[in-house]
Amino acid sequence: MALPFIPSDAGLLALQAATVAAPCAAARIPRLERLQSRAWALVPIASIVLVVFAIRYVSDTATGLTYLALVAVPPLAAVALGWASRGARPILALAVPALFAIAWAAHRSLAGEAAAALLSALSCVTLGVLIATVTPASWLKIGIVLMAAADTWLVVSDLLQAPNATLVAAHPAGGLPRLQTEIFGTVSMGYGDLFVAALLGAVLAANRARQNVAALLTFAIAAVFDLLFLVVAELPATVPVALALIVLEIYARVSVARRPSMRAAATPRRAT
């Protein structure tokens with residue numbers, strides 16, 4: 001029996017929130033410092049816009065992305081468990097072959113879908129940490145918001161639905177797992193929706209408390225946002241991540257603005 005919508009949706013929203021919480025603050029990597037540039041902030045928006053239009057206008061793009069994910073996701077997931085995530089240990093990378101085996105052998109079950117989705121999320125953690133290492137934080141935050149804006153435009157203009165359906169339907173031969181998209185029960189989520197979550201987590205990783213708040217905000221906003229599924233069939237799942245970032249940025253700026261006035265009020269004044 002298929003898993004109903006609510007637990008299916010809750011499972012993927014929890015995975016997206018966990019992807020925000022997972023990235024660690026990467027250690028200094030001298031070789032990557034040479035690559036630092038604001039241009040990397042364009043990667044988030046490019047990752048969704050270019051993929052959507054490539055699928056629409058270039059044949060077999062979806063199939064190619066399926067095999068690219070099949071090759072790239074497992075090693076990236078291993079790097080996440082061994083280096084890029086909180087609590088990472090090299091020995092944990094040995095869990096990746098087991099997850100891949102479950103995703104392959106049980107690809108028609110919830111266990112197989114969960115294993116495949118977890119591999120995709122872990123690979124996004126590695127990509128998020130690497131991009132955050134070479135991109136100024138302020139510019140990467142702008143990139144996250146622009147990605148959500150582009151995602152919204154594609155959904156509203158009905159440009160995303162057909163390419164997304166093509167990408168979800170594509171699968172490698174031999175029953176190998178689909179790692180280019182996340183399917184759990186009766187709900188699917190795009191790879192980019194986890195990628196943007198990892199970017200948010202990576203850009204906030206230096207402040208663990210703020211990162212955890214971002215993860216909780218992402219889950220709460222997404223849960224409310226998904227009530228729109230009562231009236232529409234597809235939503236841009238990048239939006240809750242961007243909204244969580246915006247809420248945190250507004251709160252931080254309000255807090256900074258209040259501190260001088262609070263200090264002034266607390267300063268004793270000499271009577272004249």
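Taken together, the values in this text are just the output of simple stated rules run on the coordinates, not laboratory data. The structure displayed is predicted, hence computed values, not measured ones. Here Cβ is always computed from backbone atoms with ideal geometry, including for glycine, and neighbour counts include all displayed protein chains.
Among the residues of the range 44-72, the ones that are farther than 30 Å from ALA173 by Cβ and of a type in the set (A, V, I, L, M, F, W, C) come to 1 in all. Scanning the range 81-119 for residues that are under 19 Å from the mean Cα position of the chain (by Cα), of a type in the set (Gly, Ala, Ser) and closer than 19 Å to GLY190 by Cβ yields a total of 4. Cβ separations smaller than 7 Å between residues 6+ apart or across chains give the following pairs from the range 121-143 residues that are surrounded by fewer than 20 Cβ atoms within 10 Å (Cβ to Cβ) to residues that are part of a helix (DSSP H, G or I) and among the small types (Gly, Ala, Ser): TRP139/ALA41; ILE142/ALA41. Residue count for the range 68-90 under the criterion of being without any contact (Cβ under 8 Å) to a residue 40 or more places away in the chain and among the charged types (D, E, K, R): the result is 1. Take the residues in the range 1-43 that are assigned to a loop (DSSP other than H, G, I, E, B) and basic (Lys, Arg); name whichever of them is farthest from the chain's Cα centre (by Cα). Ranking the qualifying residues of the range 1-43, first place goes to ARG34.
For the range 184-230, a residue qualifies if it is more than 20 Å from GLY87 (Cα to Cα) and outside any helix (DSSP H, G or I), and the qualifying residues are PHE184, GLY185, THR186, VAL187, SER188, MET189, GLY190.
Out of the range 89-114, which residues are under 21 Å from ALA21 (Cα atoms), crowded, with 18+ Cβ neighbours inside 10 Å and touching a helix residue (DSSP H, G or I) at 6+ places or on another chain (Cβ under 6 Å)? ALA93, VAL96, LEU99 - these are the residues of the range 89-114 that are under 21 Å from ALA21 (Cα atoms), crowded, with 18+ Cβ neighbours inside 10 Å and touching a helix residue (DSSP H, G or I) at 6+ places or on another chain (Cβ under 6 Å).
Among the criteria (1) more than 18 Å from ALA115 (Cα to Cα); (2) surrounded by 20 or more Cβ atoms within 10 Å (Cβ to Cβ); (3) out of contact with any Lys or Arg (no Cβ under 6 Å at 6 or more places or on another chain); (4) of a type outside the set (Lys, Arg), the one LEU204 does not fulfil is (3).
With a requirement of 2 or more residues that are within 23 Å of SER47 (Cβ to Cβ), among the small types (Gly, Ala, Ser) and in contact with a Leu (Cβ under 7 Å, 6 or more places away or on another chain), the helices (runs of 4 or more DSSP H) lying completely within the range 57-165 that satisfy it span 61-79, 110-134. Out of LEU235, LEU176, LEU243, LEU228, one residue alone is closer than 22 Å to ILE45 by Cβ and more than 14 Å from the chain's Cα centre (by Cα). It is LEU235. Here is the figure for the range 217-236: residues that are touching a helix residue (DSSP H, G or I) at 6+ places or on another chain (Cβ under 9 Å), farther than 24 Å from PRO136 by Cα and aliphatic (A, V, I, L, M) total 8.
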